[in-house]
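Nothing in this text is a laboratory measurement; each read-out follows from the coordinates by a stated rule. Here the structure is a predicted model, which means the values were calculated and not measured. Cβ atoms come from the backbone with ideal geometry, glycine included; neighbour counts cover every protein chain shown.
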Amino acid sequence: MAWSQSADLNVLGNQHFSKGFYTEAFHCYSKALEVDSKSGDQRAMATTLGNLGNICAVSGRREQARSYYTEVLELQKILGEDRGISTTLANLGNLSADAGEWERARAYYLEALDLMNLLSDFAGKAVLLSDLGLVARETGHEAEALSFYQESLVLMRRVGNEAGQADVFRMMGRLYMSQHRFDEAQSCILTSLDVARRLKDELRMGGAWYLLVSCHDARGELGKAVHYLQKVVRVDEKYQLPKLAENTQRLEALMSRLHESDESSYV
């Protein structure tokens, strides 16, 4: 009975989580944890603690998330859940990456990768390779980053993870942009955009449009940059994303530059 109640609360929390209602999700997970503590069900508790870690991670409470994930890891080791351990290690790596602790992130990711290879967890490995690509890019190992991204794409296609493919193509586009390889960058970003459109995923579409802004701006194509940034701002407004004010200011500045450019062409 206790397990069923905990499971129901976690399912309800997941539903709130998927809709972006983080406060409601946290409340459900916290109530589930109370149930788990009374029942002593370690497996259920690991699930609940993992969900609490996830909600804290996405809402910026990094240290609280790390504490939850560490508890989860201890329970998973007791239970011998290797697949769960690899996921938790990857989550701890993500927290470190978010904090810019690249070497620590890499250590967690590589430990998770070893387990995923043993388990033949191709879906998990596909995502993890893209994470390792990000670490490599951020630490200046661009050739290694590209290799990770390409290997990730192969596995993403194998397991049918289209959303993941959109993400990896976008990451590759960002890498090429940093190298001023704008043709290759634009090709990757447009591929990411095509996948996101097929999935009707507006947030991923917004991410691709945002990179196209920088790509066209760097090439002096201000009209195209304004066009795509207007799309980004509309997505920011619809979903109340944190960069709305920043992107609105950037749009105003770009439009001002475009206006000045248009005027100068008549002088």
What number, rounded to the nearest 500 deg cm²/dmol, is the helix-based mean residue ellipticity at 222 nm of the chain, given -39500 (n - 2.57) per DSSP H run of at least four residues and division by all its residues?
-29000 deg cm²/dmol
Whole-Hz Karplus ³J(HN,Hα) for the stretch 43-60, in order, using 6.51 cos²θ - 1.76 cosθ + 1.60 and θ = phi - 60°, x for Gly and Pro?
5, 5, 5, 4, 4, 5, 5, x, 5, 5, x, 4, 5, 5, 5, 6, 9, x
R0 of 22 Å, Cβ-Cβ distance L190-V154: FRET efficiency to nearest 0.05:
0.60
Can you list the lysines whose alpha carbon is less than 30 Å from that of K125, not counting same-chain residues fewer than 8 positions off?
K19, K77, K200
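Under the 0.36 nm per residue contour assumption, what length would be gained going from the current alpha-carbon distance of F122 and R62 to full extension?
Answer, rounded to one decimal: 18.8 nm.
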Using a 10 Å cut-off around each Cβ, can you sort E221, E103 from fewest to most neighbouring Cβ atoms?
E103, E221
In nm, to one decimal, how far is the Q179 label point from the R83 one, both placed 7 Å along Cα→Cβ?
3.7 nm
I need two numbers for the chain: Rg to one decimal and Dmax as a whole number, Cα atoms only, in Å.
21.2, 80
Translational D in µm²/s for the stretch 162-260 (Stokes-Einstein at 37 °C, 0.692 mPa s, Kirkwood Rh from C-alpha pairs):
244 µm²/s
Taking the 0 to 90 degree range and rounding to the nearest ten, how far is the long axis of helix 122-138 tilted relative to the main principal axis of the chain, both from C-alpha atoms?
50 degrees
Compute and list, largest first, the equivalent-ellipsoid semi-axes of the stretch 79-225 from the alpha carbon gyration tensor, each √(5λ) rounded to a whole angstrom.
29, 17, 12
Taking 0.36 nm per residue of sequence separation and subtracting the Cα-Cα distance, how much length would be gained by fully extending the chain between A99 and E237, in nm to one decimal?
47.0 nm
Taking the chain as a Gaussian network, where each spring joins two C-alpha atoms under 10 Å apart, which residue of M171, M205, M255 fluctuates the most?
M255
Per the 1/(1 + (r/R0)^6) rule, R0 = 45 Å and r from the Cβ atoms of E138 and E34, FRET efficiency to 0.05 is 0.70
